[in-house]
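Following: one structure in structure tokens, then a few remarks.
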Amino acid sequence: MMRRRFFQTTILLFVIWLGGGIINIVAAVDPAQTFIPKGKSGKGITRLFARASRTADYRHIATCGNRVFVANDASLESFELVNSDSLRPNGTFRMDATIEALEITDQFLFIALGKKGFRVYRYDWKSESYGAPAWVEISELISQSIPANLLAIEHQTDGTDLAIAVGSQSVDRYAISKQGQLLTHLSRPFSGSPKTCKIGYHQAYLLDRKKGILCFDLSKPDSIRLTSTIPTPRNSITFTTHDSLLYLIDRDDGFQIYRMTDPSHPMLLSSSQLTSPGEAIVLKDSVVFIGTGSSGIVRVFVVANPAKPVEVGTVESVGGAYDLSLLTTSFGYRFALAEGNFIGIYDCADIMYRINELLEEARLRKKQ
């Protein structure tokens, strides 16, 4: 009897050990592509789901339609958002350097690779539908000799794309036709410590650690002209602009809004403290989304009245909140979030009533 029990116990321990080994083998083959289910954290913003990968470090994210692109070190991963409850992998493209910045339009992917330069790729959506992601590199746009750490893209009304690539040595302007042809390339020497760049209405804005925000005129195809410098707090991190307003994130002073009617003398309209420094900012329809980096908090403000921004929602991510991009939706706002080991998809439907209420109040105020 004791021999039988000993034999059964031995068999049981062996099965447990083998099962653990099988689990470890499976984990090694599939490095934790895990889904975190729907949940709510914070105020008014719902996490639809999060996709996890133990081996990833997602810091940059871009979206186009229902496509989500994330940078994982030197790899660019492509996903398709399916029924708002899952991300279906559509392939991975390996670069020859760490991805420093990522932008996307309807036609092209723009990638900054630091010392390896600036690249442009056309994505073949038809090939993707057959399970084979096709990345067509526009070879004539490769600038491996010109470092590029920052990117900003503006899609023109005539179908062309205007791209600004900023490195440690120059500011470069590329005009690209909708057929993928390089129309013009201009380079302007630059020395400094650039942190963020934006582009809009034929103006490029570059945030420098020491100099403030440098404004460049891009309206002429044969020149890049520095028109003004906007003084900013010394610990400014990132910003965005719209019309004559500057939306700035500062490590010490939080979220600030300036009027730039006179760019050399910006007028502070409001300042809102952030519990953690912001690293990402996105503006759409007078609604500002701020990601606060390693603290993992996303905060949403309505800025229809720039003198009195109103916070309408917050959410705590599963990981960090390093970069975010808005998704196309028929109602309200949804965004994809780069969270380090996670990609999160979030929905703002619960705060849409309050957002619309504030936007309507601002509209009526302008009529008076």
Farthest toward positive dipole pole in region 241-319 [+1 Lys/Arg, -1 Asp/Glu at C-beta], among 265, 303, 291
303
Can you check what the Kirkwood hydrodynamic radius comes to for region 220-261, Cα pairs only, in Å to one decimal?
11.8 Å
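Of the listed pairs 198/284; 198/220; 116/195; 220/284, which have alpha-carbon separations greater than 20 Å here? Could the numbers behind the result be given before it?
Working: 198/284 15 Å; 198/220 18 Å; 116/195 18 Å; 220/284 28 Å.
Those over the limit are 220/284.
What does the charge add up to near residue 108, with Lys and Arg as +1, Asp and Glu as -1, over the other residues with Cβ less than 11 Å from its Cβ? The partial results should precede the final answer.
Values: positive: 119, 122, 178; negative: 103, 106, 137, 161.
Charge balance near residue 108 sits at -1.
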Principal axes of region 143-197: Cα extent on each, largest first, Å
33, 21, 15
By the C-alpha gyration tensor axes a ≥ b ≥ c (rounded if a/c is under 1.5, else prolate when a/b exceeds b/c, else oblate), the shape of region 212-357 is prolate
Which three extents, in angstrom, do the Cα atoms of region 67-106 have along their principal axes, listed largest first?
33, 19, 13
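About its Cα centre, how strong a charge dipole does region 265-368 have in debye, to the nearest 20, once Lys and Arg get +1 and Asp and Glu get -1 at the Cβ? Intermediate values should be presented prior to the final figure.
Values: 9 positive and 11 negative charges, 104 e Å.
Roughly 500 debye for region 265-368.
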Can you check what the net charge comes to around residue 234, using other residues whose Cβ is under 14 Å from the Cβ of residue 234 (Lys, Arg +1; Asp, Glu -1)?
+1
In Hz, Karplus ³J(HN,Hα) per residue of region 263-269 (6.51, -1.76, 1.60; θ = phi - 60°; x = Gly, Pro):
x, 6, 9, x, 9, 6, 9
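In square angstrom, what is the accessible area per residue of region 148-270 with a 1.4 angstrom probe? Present the calculation step by step, with values, prior to reporting the outcome.
On the way: 5590 Å² over 123 residues.
Dividing the accessible area of region 148-270 by its residue count gives 45 Å².
Residue 323: net charge of surrounding residues, Cβ under 13 Å, Lys/Arg +1, Asp/Glu -1, itself excluded?
Working: positive: 59; negative: 57, 100, 103, 279, 339.
Every neighbour counted, the sum reads -4.
When the Cα atoms of region 260-323 are enclosed in a convex hull and the volume is divided per residue, what value in Å³ results?
Details: hull volume 6.4 nm³, N = 64.
Here the figure is 100 Å³ per residue.
The values are calculated or read from the model by the stated rules, or taken from the named source; none is laboratory data. Here the structure is a predicted model, which means the values were calculated and not measured. Backbone-built Cβ (ideal geometry, glycine too); neighbour counts: all protein chains shown. Note: accessible area is taken over every heavy atom of the protein model, side chains too, but ligands, DNA and RNA are not part of it. Shrake-Rupley method; radii C 1.70, N 1.55, O 1.52, S 1.80 Å.
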